[in-house]
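The values are calculated or read from the model by the stated rules, or taken from the named source; none is laboratory data. The model shown is predicted, which means the values in this text are computed figures rather than measured ones. Using ideal geometry, Cβ is built from the backbone for each residue, glycine included, and neighbour counts are taken over all protein chains shown. Heads up: the accessible areas ignore ligands, DNA and RNA and are worked out on the full protein's heavy atoms, side chains in. Shrake-Rupley method; radii C 1.70, N 1.55, O 1.52, S 1.80 Å.
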Amino acid sequence: GDSVTQMEGPVTLSEEAFLTINCTYTATGYPSLFWYVQYPGEGLQLLLKATKADDKGSNKGFEATYRKETTSFHLEKGSVQVSDSAVYFCALSPDFMFSGGYNKLIFGAGTRLAVHP
Amino acid sequence: EPEVTQTPSHQVTQMGQEVILRCVPISNHLYFYWYRQILGQKVEFLVSFYNNEISEKSEIFDDQFSVERPDGSNFTLKIRSTKLEDSAMYFCASSTSGETQYFGPGTRLLVL
């Protein structure tokens, strides 16, 4: 079945460092891809998404590009801040043509990011 | 900006008791979901609901679980007889089209 694999954390960075969190997926067809963020004590917030190959999702300085050829959707940010400390979840929504249309989200295990001043 | 809301934020219950977790989805959304996250683990899909019926459910969603949309605004998850392993954060989500899902803040359930 469809699945998502994320790099294991925690990832610890200094403020203003470059961030990459790797995400790869296994899926039939063309799933939609998402990054969600969970700040301490809070729920899941949609960070960005991409719905077709070569799309780039972006928000709040974060970016991720849907790479069909490598089945990847890596999250990047050029300069992280302390306020970016959170758990980041990569997720996919199966291709409508294969899923039956109701599109449950399949999540990766999450990557904890800690940014120090 | 419209949000998904959930009540209560925390619930403590005794094993074997029934609990009802409540959600108010975003008002023009048509697809509704429940997920759970056991502490330190992956977010897992439980059930999806569309057009007043369950459209998909996971293996976790056994006969102890049920969902209902009792009126035009609420969406509830009922656990009939809670077990210790039901302790988790439960998230409700809603969507206009079934693609992009918006999550509520969660209900933390602790079963003693």
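Observations, loosely collected:
- Take the Cα of residue B:24, step 7 Å toward its Cβ, do the same at residue B:112, and the gap between the two points is 3.0 nm.
- Entry for the protein assembly as shown at q = 0.07, 0.09, 0.11 Å⁻¹: log10 I(q)/I(0) = -0.22, -0.37, -0.55, Debye formula applied to identical alpha-carbon scatterers, no solvent contribution.
- Cβ-based net charge around residue B:106, under 11 Å, with every Lys or Arg adding one and every Asp or Glu removing one: +1
- Put simply, chains A and B cover up around 1700 Å² of each other's accessible surface, both sides summed, when a 1.4 Å probe is used.
- Under 5 Å, built H, 5+ apart or other chain: amide partners of residue B:55: B:48, B:49, B:50
- Spin-label model, residue B:51 to residue A:69: label points 7 Å out along the Cα-to-beta-carbon direction sit 4.1 nm apart.
- Less than 5 angstrom separates the built amide H of residue A:48 from those of A:35, all sequence-distant by 5 or more or on a different chain.
- Per-residue [θ]222 nm for chain A (sum of -39500 (n - 2.57) over DSSP H runs n ≥ 4, rounded to 500): -500 deg cm²/dmol
- Kirkwood Rh in Å, taken over region A:1-51 so that all alpha-carbon pairs contribute: 13.2
- Taking the chain by itself as reference, region B:29-77 contains these residues with an accessible-area loss of 50 Å² or more in the full protein complex (1.4 Å probe, heavy atoms): B:42, B:43, B:56.
- Coil-residue trypsin sites (Lys or Arg not before Pro) of region A:57-101, DSSP, other Cβ within 10 Å capped at 15: A:60, A:68
- The protein assembly as shown, accessible area per residue, ligands and nucleic acids excluded (1.4 Å, Å²): 49
- Amide H to amide H, with H built 1.01 Å from N, residue A:11 comes under 5 Å of A:112, A:113, A:114, counting only residues 5 or more places away or on other chains.
- Whole-percent carbon and sulfur share, accessible surface of chain B, 1.4 Å: 46
- The tail of the calculated P(r) for chain B beyond 18 Å holds 44 percent of all Cα-Cα pairs.
- Within region B:1-69, GluC sites (Glu not before Pro) in DSSP loop having at most 11 other beta-carbon neighbours inside 10 Å: B:18, B:59
- Relative contact order of chain A, pairs being alpha-carbon contacts under 8 Å that are 6 or more residues apart, as %: 36
- Debye-sum result for region A:25-117 in log10 I(q)/I(0), which assumes one identical scatterer on each alpha carbon, at q = 0.12, 0.25 Å⁻¹: -0.38, -1.33
- Furthest towards positive pole of dipole, A:32, A:96, A:59, structure part chain A, Cβ charges: A:96
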